[in-house]
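Here's the structure, in structure tokens; my notes come after.
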Amino acid sequence: MIKFSHVGLRYGIGPEVLSDVNFTLEPGSFHFLSGPSGSGKTSLMSLLYLGRKPTRGEISMFGHDIKSLSREQLAFMRQKVGVVFQDFRLLNNLTAFENVALPLRLSNKSEKQIRSDVTELLEWVELGEYMHRLPLTLSGGQQQRIAIARAVISKPRLLLADEPTGNLDDNIGYKLMGLFEQLNRMGTTMVIATHNQQIMDKFYHKKLILQDGLLTVETPRNIMHDAPSVQEEAM
Amino acid sequence: MSLFQRLTPKSYILPLHKRSGSIQFFTIIALMTAMLVIIGAVQFSLLSTVHNWKSLIEHQASIEIPALDQNGRDYSDEEINMMTQRIIALLENIDYTSDVHTESHEQVAQLIGPWLGENNKILDNMRLPVLVNFNINTDDNDFIAQLTKRINKIAPRARLQTHKNWLNKFLKIVNGVHGLGLLIIAVTVTATLFVISSTVRTRMAIYKKELALIHIMGAHDRFILRQFLIYLGYLVIPAAFIGAIAAFIMMSIISALFLSADTAFIPSFGVNGGQFFKLLFIPLLICIMSISIGAYTVIREMKRMP
């Protein structure tokens, strides 16, 4: 489904922030992406949501080599990826409803469908009564739920979340992870970038661990016997 | 919900029109349009003036037969009359000249009057020259020199004036002003295009994060382009038409206020219906140019995104 082969990334003429990264994400898998600050997590995430092009190596997403895709096709590809940013990145001039509706507008869905889907999802994340409020009038937790709703509204095949529990207390963090697991059970491939060891210990999923731009994969013991969803290649 | 939000499609998601700079941009476009309309009207006036003068003077010639001879002695009426008739006969027998006629005493007095100031009583005691006007259908200098010689044989102090030199000098000045007008139009249009291009680039820099976000979410280039086209349309279309209307109002006021004022310092905007119609195209052209250069700038800047 998603395959990174010998991928490297550098900014300008600086050193490589990602070196020879190889992995494959199978459909419906769930992974944590972990590593110390500056290890390249954000850079790897940006490659996954096609926000950057690798300086070397090949990335294949949903059966397509991204190098061979036109700008138009890349935009279609990005619509298949949902992203939850640590700082939410909501558009503050748009209401909660319009923020969540944005991915559907980008894919030219009808107003009728947008109205019904967005209303239903906002009810599901318990923000139905706040749908016409601007993000800045809502709490951090409510903003985060809007960001998650926006990321999942178009039923992405891959959902990326960057430190989603970073600003939350443990209880809400666990609840949020429960929500991600629920989405994963519905078929969405998940990659969660996190520092939170407690979360990684509590939820048994494979870990992509970045250290100085090098990627290793760790599989928790209780899922060792499952079919591997992440395969190390050329490591 | 603001009027703008009601008028714009739901796909206009970035508040490009909101932050500071939009009023200044609107004003600059309005002023540039007003300036172009006024310069356009002046250009049309100049063209009309040139056309009028050329059709009045070109191929026209006149012979002035002074009332005094070389020694300062008054010619008698008979002498003057005889010289005039001989010159008329000469001109009527030449192929290149036609429509020969003399100006009446009153018409000559009217021509000379302004040169004598307000004391027109002098004219009553003054012997006036005779003015013979005719059409001449050649620019050949040899022919004109020959004709002058033959006329001077009849009336030694008679002067042949073809207006050619004067008309050439006049056309040179008018064409110079016309060229200057075109240069100002070119500079104004270029400045307008630069303003639009830099405004779009500034907006893209201000909304860099938002643009990056919708790009990551899968916005096509045309979706992002549409944001800027709506923004430019929202500002440029009213600005251009308000600028044009302001220019027409200003020209009408100037024309109305100074219509009766007999001074050369006030410009005259004598545009006809067809020219007025052409001036109406200036705001339309400004809109088309603005939106085109805006679209070009956005597309060029977006190519920097992966």
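Annotations
- Considering segment B:56-74, and only residues there that are under 23 Å from B:Ser104 (Cβ atoms) and open to solvent by 80 Å² or more (accessible area, probe 1.4 Å), the residue that is modelled with the lowest pLDDT turns out to be B:Leu56.
- Test: residue in segment B:31-54 that is buried (at least 17 other Cβ atoms within 10 Å of the Cβ), within 14 Å of another protein chain (Cβ to nearest Cβ) and either in a helix (DSSP H, G or I) or not basic (Lys, Arg) (or both): no
- Sub-8 Å Cβ pairs linking a first residue in segment A:179-195 that is part of a strand (DSSP E or B) to a second residue that is hydroxyl-bearing (Ser, Thr, Tyr) and surrounded by 14 or more Cβ atoms within 10 Å (Cβ to Cβ), at least 6 apart or interchain, are A:Thr189/A:Ser29; A:Met190/A:Ser29; A:Ala193/A:Ser34; A:Ala193/A:Thr42, ordered by first then second residue.
- In segment B:205-260, the residues that are in contact (Cβ under 8 Å) with a residue 24 or more places away in the chain and either among the aromatic types (Phe, Trp, Tyr) or not assigned by TED's automatic domain parsing to the domain that holds B:Phe26 (or both): B:Tyr207, B:Phe223, B:Phe228, B:Tyr231, B:Tyr234, B:Phe241, B:Phe248
- Scope segment B:64-80; condition more than 16 Å from B:Asn125 (Cα to Cα), part of a strand (DSSP E or B) and not aliphatic (A, V, I, L, M); matching residues: B:Glu64
- Residue count, segment A:38-56 (criterion: away from chain B (no Cβ under 11 Å), touching an Asp or Glu at 6+ places or on another chain (Cβ under 9 Å) and in contact (Cβ under 8 Å) with a residue 12 or more places away in the chain): 6
- In segment B:200-228, the residues that are within 14 Å of chain A (Cβ to nearest Cβ), open to solvent by 20 Å² or more (accessible area, probe 1.4 Å) and closer than 20 Å to B:Ile286 by Cα: B:Leu225, B:Arg226
- One residue stands out in segment B:258-305 among those that are farther than 17 Å from B:Phe44 by Cα and at pLDDT below 75: the one that is most open to solvent (accessible area, probe 1.4 Å), namely B:Phe265.
- Hits in segment A:167-197 - residues which are crowded, with 16+ Cβ neighbours inside 10 Å and touching an Asp or Glu at 6+ places or on another chain (Cβ under 9 Å): A:Thr189, A:Met190, A:Ile192, A:Ala193, A:Thr194, A:Asn196
- Whichever residue in segment A:100-118 is assigned to a helix (DSSP H, G or I) and facing another protein chain (nearest Cβ under 9 Å) and, among such residues, is most open to solvent (accessible area, probe 1.4 Å): A:Glu111
- Tabulated pairs, segment A:61-73, first at positive phi and of a type in the set (A, V, I, L, M), second in a strand (DSSP E or B) and surrounded by 12 or more Cβ atoms within 10 Å (Cβ to Cβ), C-beta under 6 angstrom, 6+ apart or interchain: none
- Segment A:57-86, subset more than 10 Å from chain B (Cβ to nearest Cβ), under 17 Å from the mean Cα position of the chain (by Cα) and outside any strand (DSSP E or B), residue surrounded by the fewest Cβ atoms within 10 Å (Cβ to Cβ): A:Phe62
- Residue within segment B:181-199 that is in contact with a Leu (Cβ under 6 Å, 6 or more places away or on another chain) and surrounded by 19 or more Cβ atoms within 10 Å (Cβ to Cβ) present: no
- Residues that are part of a helix (DSSP H, G or I), surrounded by fewer than 16 Cβ atoms within 10 Å (Cβ to Cβ) and among the charged types (D, E, K, R) do occur in segment A:121-130, at least one of them.
- Residue selected from segment A:159-218 under the condition acidic (Asp, Glu) and modelled with pLDDT under 85, by the criterion nearest to A:Ser34 (Cα to Cα): A:Glu218
The values are calculated or read from the model by the stated rules, or taken from the named source; none is laboratory data. None of these values were measured; they are calculated from a predicted model. A quick note on method: Cβ atoms are made from the backbone with ideal geometry, for glycine too, and the neighbour counts reach across all protein chains shown. Each accessible area value is taken on the protein alone, full model and side chains, heavy atoms only, with ligands, DNA and RNA left out. Shrake-Rupley method; radii C 1.70, N 1.55, O 1.52, S 1.80 Å.
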